[in-house]
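Chemist: Here you go, one structure.
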Amino acid sequence: MKSSIYKILILSGALAPAASAFSLYDSAPAIGVPESYAVRYNAYMNVGYDDNSNCAENNKKGGAFVRFGVEAAYADYESVTKISYNARVGAQLYNKTAHGTDHRFFSDVAFNANLTHSITPTSLYSLSVGFTFTPQPEYSNGISGYQSYGDCINWNISNTYSQALDERWSWNCMLAFSGNIYLNSDYQYDDRYYYTLGTGFSYKASERTTYGINLRARYEMRSKGYDSQSYFLTGSVTHALSPISSCSFSAGTQLKIVDGSVDLYPTLSASYRRVLTEGLTATAYVSLSNENVSTYNYYGNYKSDMTWRAGVNLRYAYTPKVAFRGGLSLIDAHYSKGTNGLTNRHRTAVTLSAGMDYVFTETLTGTLDYSYTISDGKGYDYNRNIISAGLRYSF
């Protein structure tokens, strides 16, 4: 009975880690049962060139960089308390200072961990923790021109309690705290804190399909932009199309209260993951929400930031030694309801990426990566190319 109840909660999404504040929205459900492994360590070094690190068209700031550090990973899915983590401690050094600053050296620190504990045969507690200490992840704060200006602390802590009501129904509640703090005032200074709580029900219609309904409240506190409250009511479905593919879909409404204004917006998210052929895996995602990011503009605020995010990623293991990677992502933001004379703004950015991994030995792997970004929007048009090559040593 315990294993069947646990399977219900897994399929209902109750154990899925919450998307962190700095995620890039690649949230397609996993395929198959995760595998446990002992602690793995890697040391890495990449050298490359970024031709427009400050994301500007008329005042480009390009330069070479080196990125280096160590990583560790661990997963135990066999015990009553299931634990997995990934950690990275490193740095990135440019040969030129960032635009308008004297910064050359940036941190490259990240930590993600998930814990799931079976309290009783029918109840589960899960904890998801994420932390980064880096320049702000690209587009986590909307379409930002403040790339590689200074370090930023991002974090996300999410707690979920899940209770199976019978063999099909389960109930869950959650509490999360996330935010970001900028460490250099000449980089950015609109620190943000997000408090989220919610509850929901899931129904396992079959071995492959689970439906859900969730109600969540999010309170956003900002040092410069307007504080806001958002209330989300969403319905969702997760479906395993086959043993090698899965998809998820959710849609609903967002009631947003900011500076005395009360507005209703649609929300949408969908994702898909599939093993297309032996060695070839594809992931796709799309989301729509009123994000309330990148809305502070020195003398005024945008009360609305309706943003689409979409992307597709491919990975192909050509041989046991050679693997190729590719991706295409889009962010499309509509800023409106500006104060102090701010006019509506529409901004779009598209990024194309490609990469290759080559296994020299059991412990040494070479990597090659390239990305191209094009962005348009009044006063924010730019192109950006980044190329890098590196080595990863496992020990």
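Each reported figure results from applying straightforward, stated rules to the coordinates on display, with no laboratory input. The shown structure was predicted, so the numbers you read here are calculated from the model rather than taken from an experiment. Counting neighbours? That spans all protein chains shown, and the Cβs are built from the backbone with ideal geometry, glycine included.
Chemist: I need the phi-derived Karplus couplings for the stretch 241-248: 6.51 cos²θ - 1.76 cosθ + 1.60, θ = phi - 60°, integer Hz, Gly and Pro marked x.
Modeler: Running phi through 6.51 cos²θ - 1.76 cosθ + 1.60 with θ = phi - 60° gives 5, 6, x, 10, 8, 8, 8, 9 Hz.
Chemist: Of the trypsin sites (Lys or Arg not before Pro) in the stretch 307-382, which ones lie in a loop per DSSP and count no more than 10 other C-beta atoms within 10 Å?
Modeler: The qualifying sites are Lys378.
Chemist: Once the cut-off is 15 Å, how many percent of the Cα-Cα pairs in the stretch 42-113 end up in the long-distance tail?
Modeler: 63 percent
Chemist: Can you tell me what the convex hull of the Cα atoms of the stretch 268-335 projects to on average, as an area in nm²?
Modeler: That works out to 6.0 nm².
Chemist: Could you give each residue of the stretch 266-278 its phi-based ³J(HN,Hα) in whole Hz, using Karplus coefficients 6.51, -1.76, 1.60 with θ = phi - 60°, and x for Gly or Pro?
Modeler: Each residue's phi maps through the Karplus curve to give x, 10, 7, 8, 8, 8, 8, 9, 8, 8, 6, 9, 4 Hz.
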